[in-house]
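Asks: The structure follows.
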Amino acid sequence: MAPYSDPPDYLAPSAIHPEIAGSLPGLFQARVAAMPNKVAYRYYDNAEQTWKALTWREVAQEVARWRMALARENLAPGERVAVMLRNCPQWVIFDLAAMSLGLTVVPLYLDDRPENASYIIDHAGARLLLVEGRVQHRKLNTILEGSHFLRRVVSLGTLEPGTVSDARVVVAAEWLAAAEGTPVPPVKLGLDALASIVYTSGTTGRPKGVMLSHGNILWNIWYVLHCGPFAIDEVFLSFLPMSHTLERTAGVYLPMALGGEVAFARSVSLLAHDLELIRPTVLISVPRIYERFHARIRDALAKKSPLARRLFELAVEVGWHRFEWQQGRARWHPKLLAWPLLAARVAAPICNKLGGRLRYAVSGGAALNPDIARVFVGLGLPLYQGYGLTETSPVVTVNRPKSNIPASIGLPLPQVEVRIAEDGELLTRSRCVMQGYWADPDATRAAIDPDGWLHTGDKATVDAYGHYHIIGRIKDIIVLSNGEKVPPADMEAAIQLDPLFAQVMLVGEGQPWLAAVASLEPEQWQGFARGLGLDPDDPAALGEARVQKALLARIAERLKDFPGYAQVRRLHATLDQWTVDNGLLTPTLKMKRGPLLEKYRDAIEGLYAELRG
């Protein structure tokens with residue numbers, strides 16, 4: 001089969017070329033000049049309890065104010081400033097104002113632990129920090145005590161008495177008002193200038209600072225815009241943390257290059273409501289959000305009649321066949337005649353919960369379970385899985401409207417080289433690859449070889465259609481004592497399709513068989529325990545033999561398609577929740593295996609106690 005190539009007419013006429021922009025602030029200036037009165041951002045004003053809009057001209061006026069305030073801090077081009085905000089217009093405004101002065105922006109996760117934030121600020125040598133409000137105020141004393149470089153902290157929110165007493169801390173409204181006066185012009189920047197140092201939320205060890213240039217990000221945007229027919233009227237709903245490079249590149253600066261509109265979601269807890277209210281055309285998400293929505297669908301189906309459940313399964317089956325037929329991978333079948341009715345009765349009500357007009361539902365940051373992808377695609381959701389790294393600004397591959405294999409990570413972006421090394425590792429080379437790791441030349445040399453290939457650490461294969469598939473991490477493979485190799489991520493994702501299991505970590509390196517540690521969903525546990533005749537509020541219930549047997553049976557059902565040696569023989573179940581706050585998940589909701597192994601060390605040893613005799 002001939003390799004797929006993107007149609008040349010995919011690029012929207014409104015898109016701004018990287019060389020025209022020259023830098024990210026240059027991209028913004030070009031957008032303001034092109035359409036000053038078009039709405040750029042929508043946000044919810046908590047004080048007035050209403051949604052508000054900002055035009056590109058109004059955003060430019062705010063950027064100018066923030067640039068004047070930053071200029072008064074006497075920071076030299078190249079110095080670092082950090083930002084620790086929820087998604088909001090001020091995040092973008094600060095980012096643009098700082099970069100327009102030649103400053104390097106260091107994003108921090110809003111919910112990051114103060115010790116980790118302090119390490120990043122100190123490692124980057126950040127001179128100024130912008131924070132949100134009360135939640136961050138409680139962390140500020142720890143951050144300030146741990147930093148040798150910070151000389152100014154700006155708070156969007158007012159300071160509550162007794163929370164912070166450091167003279168370096170000021171309220172943004174006062175700080176901005178004090179700087180009003182003669183406008184400060186932006187500095188001249190080039191594509192090679194350093195724009196940002198983004199610290200990876202690694203699952204092991206200290207985070208590394210990825211150095212991304214203005215060109216890295218702008219070229220990544222340009223290449224992505226060639227992958228589908230994006231329009232100037234696209235509406236993006238921004239809810240992934242903007243400290244996540246996927247959201248910052250594809251959810252903020254790509255709409256700027258395109259001329260689209262961004263609405264900032266109020267919170268993840270209100271995401272379902274905001275989806276129905278904003279009705280976005282583009283949604284950029286991580287698999288966990290789709291997994292949660294899928295679990296809610298399954299929970300709702302469990303309460304319906306057998307006929308309703310059968311209609312749902314039929315809609316997915318027919319819808320999936322229709323999708324494969326449209327992609328040219330299946331023949332037309334008479335059952336497709338039932339699709340209009342199934343779409344109206346089954347698929348549309350579910351898709352309407354996501355706003356009802358999505359043209360691109362993107363999944364990235366981790367692997368999306370193929371079974372979940374099949375359900376959403378079968379229901380008619382235009383779901384596109386992609387792959388990328390912070391180190392690649394971030395997108396490397398993505399599926400396309402006319403070449404979409406949901407189980408794959410798609411095809412390489414235009415002008416992005418991808419190949420598979422002899423050991424199966426995925427390598428990539430392009431203008432999007434980082435400049436290196438901040439203050440860590442050894443790590444840079446280990447990641448980028450002399451020929452410019454970035455070593456991703458991911459094992460991959462490529463299919464007959466030219467689509468790439470991630471099959472595991474080079475270092476995350478579990479090798480059993482019999483030599484069999486097990487990629488845990490795929491199995492963990494399969495187990496988590498059962499709504500009882502919130503998170504699962506497989507273990508078994510050097511052991512004859514696999515075991516698992518599982519965090520159970522508290523609400524699901526209540527019904528599960530009662531079904532076994534146990535009191536769910538009794539801590540001893542988790543240790544009951546019948547609980548172990550029943551949980552292992554449910555896991556086995558999810559793993560029935562895996563090889564015989566890739567089965568779980570023992571399990572430690574817990575109601576402990578693994579979160580970002582307790583250090584067991586990264587801010588992108590990936591498991592931190594090191595801390596988890598340490599936390600459950602005794603329990604894991606107990607799972608294999610019988611082998612020690």
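Asks: Using alpha carbons only, how many degrees (0 to 90, rounded to 10) separate the axis of helix 214-225 from the longest principal axis of the chain?
Replies: 50
Asks: To continue, here is another question. Would you mind giving the average projected area, over all directions, of the Cα convex hull of segment 22-189 in nm² with one decimal?
Replies: Projected area, direction-averaged: 10.0 nm².
Asks: Residue separation times 0.36 nm, minus the C-alpha to C-alpha distance between L301 and D111: what's the value?
Replies: Extra length available between L301 and D111 comes to 65.0 nm.
Asks: Find the centroid of the Cα atoms in segment 489-507 and in segment 125-182, then give the distance between the two in whole Å.
Replies: 41
Asks: Computed on alpha carbon atoms, what radius of gyration and Dmax characterise segment 338-479, expressed in Å?
Replies: 17.9, 60
Asks: Of F28, L108, T158, which is farthest towards the positive pole of segment 22-189's charge dipole, taken about the Cα centre with +1 and -1 on the beta-carbons of Lys, Arg and Asp, Glu respectively?
Replies: Farthest along the dipole direction, towards plus: F28.
Asks: Next up: Can you put S403, S147 in order of Cβ neighbours within 10 angstrom, beginning with the fewest?
Replies: With the sparsest Cβ surroundings first, the list reads S403, S147.
Asks: Moving to a separate point now. What share of the DSSP beta bridges in the chain is antiparallel, in percent to the nearest 5?
Replies: Rounded to the nearest five, the antiparallel share is 50 percent.
Asks: I've got another one for you. At q = 0.13, 0.19, 0.20, 0.21 Å⁻¹, what is the log10 ratio I(q)/I(0) for segment 500-613, with the Debye formula run over Cα points and no solvent?
Replies: -0.52, -1.11, -1.21, -1.30
Asks: Next question, about the same structure. Using a 7 Å offset from the Cα along the Cα-to-Cβ direction at both K590 and R445, what is the distance between the two label points in nm, to one decimal?
Replies: About 2.5 nm separates the two model spin labels.
Asks: Let me ask you something else. What nm value, rounded to one decimal, do you get for the distance between Q327 and D535 when each label is placed 7 Å out toward the C-beta?
Replies: Going from the Q327 label point to the D535 one covers 5.2 nm.
Asks: Pulled fully out, how much extra length does the chain show between A556 and W51, if you take 0.36 nm times their separation in residues and subtract their Cα-Cα distance?
Replies: Using 0.36 nm per residue and subtracting the Cα-Cα distance, I get 177.0 nm.
Asks: Can I ask one more? Which order do W513, W332, W222 fall in if you start with the one that has the fewest other Cβ atoms within 10 Å?
Replies: By the 10 Å Cβ count, ascending: W332, W513, W222.
Asks: Among all the lysines, which ones have a C-alpha under 29 Å from K590's C-alpha, if same-chain residues fewer than 8 places away are not counted?
Replies: Within the straight-line limit of under 29 Å, K590 reaches these lysines: K139, K208, K353, K459, K475, K485, K549, K560, K599.
Asks: Continuing with the same structure: What does the charge dipole of segment 165-272 about its Cα centre add up to, to the nearest 20 debye, if the Cβ of each Lys and Arg holds +1 and the Cβ of each Asp and Glu holds -1?
Replies: Roughly 420 debye, rounded to the nearest 20.
Asks: If the cut-off is a Cα-Cα distance under 18 Å, which aspartates and glutamates reach K188, setting aside same-chain residues fewer than 8 apart in sequence?
Replies: E19, E79, D95
Asks: Give the relative contact order (percent, whole number) for the chain; include only Cα pairs under 8 Å separated by 6+ residues.
Replies: Averaging sequence separation for qualifying contacts and normalising by length gives 12 percent for the chain.
Asks: Taking the alpha carbon gyration tensor of the chain, what are the square roots of 5 times its eigenvalues, largest first, to the nearest whole Å?
Replies: Gyration-tensor ellipsoid for the chain: 39, 30, 25 Å.
Asks: If you don't mind, there's one more thing I want to ask. In which sequence would R288, R345 go, from the one with the fewest C-beta neighbours within 10 Å to the one with the most?
Replies: Taking fewest neighbouring Cβ atoms as first place, the list is R345, R288.
Asks: Have a look at the DSSP beta bridges in segment 22-189 and tell me what percent are antiparallel, nearest 5.
Replies: 25
Asks: Please list, in order, the residues from segment 159-180 whose amide nitrogen is less than 20 Å from a point placed 7 Å along the Cα→Cβ vector of Q61.
Replies: 172-180
Asks: So in segment 478-612, what percent of DSSP beta bridges are antiparallel if you round to the nearest 5?
Replies: 60
Asks: Got the relative contact order for segment 22-189 handy, in percent, Cα pairs under 8 Å and 6 or more residues apart?
Replies: For segment 22-189, the relative contact order is 22 percent.
The numbers here are math on the coordinates, done by the rules we state, and not lab data. In this text the structure is predicted, and so the values were computed from the model without any measurement. Using ideal geometry, Cβ is built from the backbone for each residue, glycine included, and neighbour counts are taken over all protein chains shown.
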